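The values are calculated or read from the model by the stated rules, or taken from the named source; none is laboratory data. Worth saying up front: this structure is predicted, and the values here are computed from it rather than measured. Glycine also receives a Cβ, built like all others from the backbone with ideal geometry; neighbour counts cover every protein chain displayed. Quick note on the areas: whole protein, heavy atoms, side chains included, nothing else; ligands and nucleic acids left out. Shrake-Rupley method; radii C 1.70, N 1.55, O 1.52, S 1.80 Å.
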Amino acid sequence: MSAKRPARGVRGGNRGPATSEPLLLLAMAFFLCLSFPTPGAVATGSVSGVISDHRGPLPGATVLVQGSSQGVISDAAGRFTLSGLAPGRTITISAWKDGYCNGLARNITPTATGLHLQLVPYQSKDNFQYEWLPPEGRGGCGNCHPALTKMSLKDSHLKAARNPRFLTMYAGTDTEGNRSLETRYSPPSRFWTNWLQPQRPAPGIPYYGPGYLLDFPGTPGNCAACHVPGVSTPGDGDPRKAKDANRYGVHCDFCHKIGAVNLHPLTKMPHVGAPGVRSLEIRRPFENDSERTQIFFGTFADVNAPANDAYLPLLKESHFCAPCHFGVFWDTVVYNSYGEWLQSPYSDPKAGQAKTCQECHMPSPTIYRGKKLTNVAPGKEGIERDPAALHNHNMTVDAEILRNSLTMHASATIQDGKVTVAVTLVNDKTGHHIPTDSPLRHLILLVEAKDVRGRKLKQVGGPKLPAWCGTGKATKGHYAGLPGKAYAKLLKEKWTEVFPSGAYWNHTELVSDNRLATFATDASIYAFAPPAGGGKTAITVSLLYRRTFINLLEQKKWHAPDIIMARRQFLF
């Protein structure tokens, strides 16, 4: 190896001796053969060279023709040869190895030899003083990635620090700023001498719902570890103080600087007590590092920007999502969509139906403004790619995703003089429970039976919706006592016995969990008296997704309308 450091591009070439005159006719004939190839002719060009790092030849590096799947692995001496290339057609060569930034050599014309690419390892430490790049504005991600950034801005991850439901639950206020009184505590009982026991909110005093800061004033908690992971490390900051890029919550620059995820070696789950950023290894660059001025991890092994970008297969693997989708509070597992996936057939390649979180929540191709996206950085050294390689960056649980998450079968008949409605729900499309994560979320199966004048038929059989579905007017979303069934993970606070509780930062216990696990089926049957005097019957079966318990929604003054996941109507 030469003592002089090679450039991150071409060194050497394919220049040979000048063509002698006796060979001129032969060369012309050869040129004509290239210009007018015969049917079935194959490309015969090649590119060869060496991949190295600062210590010398680098074996095991992936060498690709950018924009294609054509590639090889460098041998023990760092050497490679790419064959079957079209002679005379300029290409870009990309090289990558785990732990290194990608390298590029542009404007290479086969046949070429002596190519030398030197890869630079990305940093192994994190710079806590780094200023995150914002998604929008000057210096923001949208300047190079306009389409993906605009899609991301619609996603809940980039709204995590400004979500009014999160902020009001954290502060103990409603959306108008009214704040509940701080939690009162009674002396320890003879059974629990080491604990002050929280009391229920005082009756007769205005109450605007629970809040973390009401129960634990003066302590920021670890909510920011998932909702605003860039605020600080290990994520104990006050999410209300997020500024600049962190105002977006889980923003682009943060996700693309995750270099590793730390999981328990036996359970393959995040360590209890290490939520969010606490289970992540972040790689923010240092200002005084001239060789590694920036780092972005991505899913292209042939990225566009050498010394800035690094291919990281982790971004396509489900455990990338694990730290923020598993959470234990005290001794109760509250969030567990990653664990649910891990226990499902979707995580087992041998089951024949394995799918990662990203395959469902970041599907490809990406449709932007009605067309398939083919270039993530147009005009910024981006290249045209197979649309299947570009992943949607709007991962939000919206109506479309919900409607495609399960299958509802419904039928209505007359049996034994009664109107009978049968409903079956099947979680046949989702690799975790439905609903999942926040225990505030639940499904409401509502069955309505009316006569031709719109009068409700009397229910004579089947389940009814519980009190926590709302005891007010049905026109305002209060469905308690109506025909139907609710699906939820229900927690109760141990000391105050508040039920169902959304304040899962307190000591809670699991009361019930009838959510639909992967490939689970739930069937229910409802019976109604026929219309008085005969006539037709109108049946409506609706499956609703509700983000929170209705009493909490009204206390906080949240705007979170129900989402219709499925609906069937019958008239007979």
query = Do you know which residues across the stretch 509-522 are open to solvent by 70 Å² or more (accessible area, probe 1.4 Å), in a strand (DSSP E or B) and not acidic (Asp, Glu)?
reply = 510, 511, 521
note = The number of residues in the stretch 45-61 that are part of a strand (DSSP E or B), in contact with a Lys or Arg (Cβ under 9 Å, 6 or more places away or on another chain), open to solvent by less than 30 Å² (accessible area, probe 1.4 Å) and more than 14 Å from residue 81 (Cβ to Cβ) is 1
Condition check for residue 303: surrounded by fewer than 20 Cβ atoms within 10 Å (Cβ to Cβ), part of a loop (DSSP other than H, G, I, E, B), at pLDDT below 95 and in contact with a strand residue (DSSP E or B) (Cβ under 7 Å, 6 or more places away or on another chain) = no
request  = For the stretch 414-428, enumerate the residues that are at pLDDT below 95 and touching a Ser or Thr at 6+ places or on another chain (Cβ under 8 Å).
outcome  = 414
message = Looking only at the stretch 523-572, count every residue that is farther than 25 Å from residue 405 by Cα, polar (S, T, N, Q) and open to solvent by less than 10 Å² (accessible area, probe 1.4 Å) and tell me the total.
response = 1
inquiry  = Suppose we filter the stretch 520-572 for residues that are among the acidic types (Asp, Glu) and either in contact with a Pro (Cβ under 7 Å, 6 or more places away or on another chain) or farther than 30 Å from residue 179 by Cα (or both); how many remain?
reply    = 1
request  = Determine, yes or no, whether residue 158 is open to solvent by 20 Å² or more (accessible area, probe 1.4 Å) and not in a strand (DSSP E or B).
outcome  = no
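Step by step: first the residues of the stretch 236-250, then only those that are in contact with a His (Cβ under 8 Å, 6 or more places away or on another chain) and part of a loop (DSSP other than H, G, I, E, B), then the one that is most open to solvent (accessible area, probe 1.4 Å). Which residue is that?
Residues of the stretch 236-250 that are in contact with a His (Cβ under 8 Å, 6 or more places away or on another chain), as a first pass: 239, 245, 249-250.
Filter again for part of a loop (DSSP other than H, G, I, E, B), leaving 249-250.
On the way: 249: 0, 250: 20 Å².
The selected residue is 250.
Residue-wise test of (1) at pLDDT below 95; (2) charged (D, E, K, R); (3) closer than 26 Å to residue 260 by Cα.
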| site | (1), (2), (3) |
| --- | --- |
| 81 | no, no, no |
| 104 | yes, no, yes |
| 107 | yes, no, no |
| 144 | yes, no, yes |
| 151 | yes, no, yes |
task = Return the only residue of 334, 272 being β-branched (Val, Ile, Thr), open to solvent by less than 20 Å² (accessible area, probe 1.4 Å), outside any helix (DSSP H, G or I) and within 30 Å of residue 493 (Cα to Cα).
result = 334
query = Between residues in the stretch 278-300 that are in contact (Cβ under 8 Å) with a residue 40 or more places away in the chain and residues that are hydrophobic (A, V, I, L, M, F, W, C) and assigned to a loop (DSSP other than H, G, I, E, B), which pairs lie under 6 Å by C-beta distance while being six or more apart or on different chains?
reply = 283/295; 285/295; 291/120; 297/312
query = Looking at the stretch 347-362, is at least one residue buried (at least 18 other Cβ atoms within 10 Å of the Cβ), in contact with a Lys or Arg (Cβ under 9 Å, 6 or more places away or on another chain), β-branched (Val, Ile, Thr) and over 30 Å from residue 216 (Cα atoms)?
reply = yes
ask   = residue 388 is checked against (1) touching a Leu at 6+ places or on another chain (Cβ under 8 Å); (2) part of a helix (DSSP H, G or I); (3) aliphatic (A, V, I, L, M) and fails just one. What number does that condition carry?
value = (1)
inquiry  = Which residue is farthest from the chain's Cα centre (by Cα), if the candidates are limited to the stretch 405-418 and must be more than 30 Å from residue 313 (Cα to Cα) and open to solvent by less than 60 Å² (accessible area, probe 1.4 Å)?
reply    = 417
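The rows are residues; the columns are (1) of a type in the set (Ser, Thr, Tyr); (2) part of a loop (DSSP other than H, G, I, E, B); (3) touching a Gly at 6+ places or on another chain (Cβ under 7 Å).
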site	(1), (2), (3)
113	yes, no, yes
116	no, no, yes
123	no, yes, no
127	no, yes, no
142	no, no, no
149	yes, no, yes
154	no, yes, no
Leading residue by the ranking (nearest to the chain's Cα centre (by Cα)) among those in the stretch 123-154 that are open to solvent by 50 Å² or more (accessible area, probe 1.4 Å) and among the charged types (D, E, K, R) = 154
remark   = Looking across the stretch 355-374 at residues that are among the hydroxyl-bearing types (Ser, Thr, Tyr) and assigned to a loop (DSSP other than H, G, I, E, B), the single one that is farthest from residue 320 (Cα to Cα) is 374
query = Name the residues in the stretch 370-382 that are open to solvent by 40 Å² or more (accessible area, probe 1.4 Å), touching a residue at least 24 places away in the same chain (Cβ under 8 Å) and not acidic (Asp, Glu), would you?
reply = 378, 380
task = Determine the pairs where a residue that is among the basic types (Lys, Arg), located within the stretch 343-357, has a partner that is modelled with pLDDT of 95 or more and open to solvent by less than 50 Å² (accessible area, probe 1.4 Å) with Cβ atoms under 7 Å apart, the partner being 6 or more residues away or on another chain.
result = 355/346; 355/431
ask   = From the list 425, 440, 402, which residue is open to solvent by less than 30 Å² (accessible area, probe 1.4 Å), under 26 Å from residue 515 (Cβ atoms) and assigned to a strand (DSSP E or B)?
value = 425
request  = Residue by residue through the stretch 62-78, note down the ones that are open to solvent by less than 20 Å² (accessible area, probe 1.4 Å) and in a loop (DSSP other than H, G, I, E, B).
outcome  = 74, 78
query = Looking at residue 506, is it in contact (Cβ under 8 Å) with a residue 24 or more places away in the chain, buried (at least 16 other Cβ atoms within 10 Å of the Cβ), of a type in the set (S, T, N, Q) and assigned to a loop (DSSP other than H, G, I, E, B)?
reply = yes
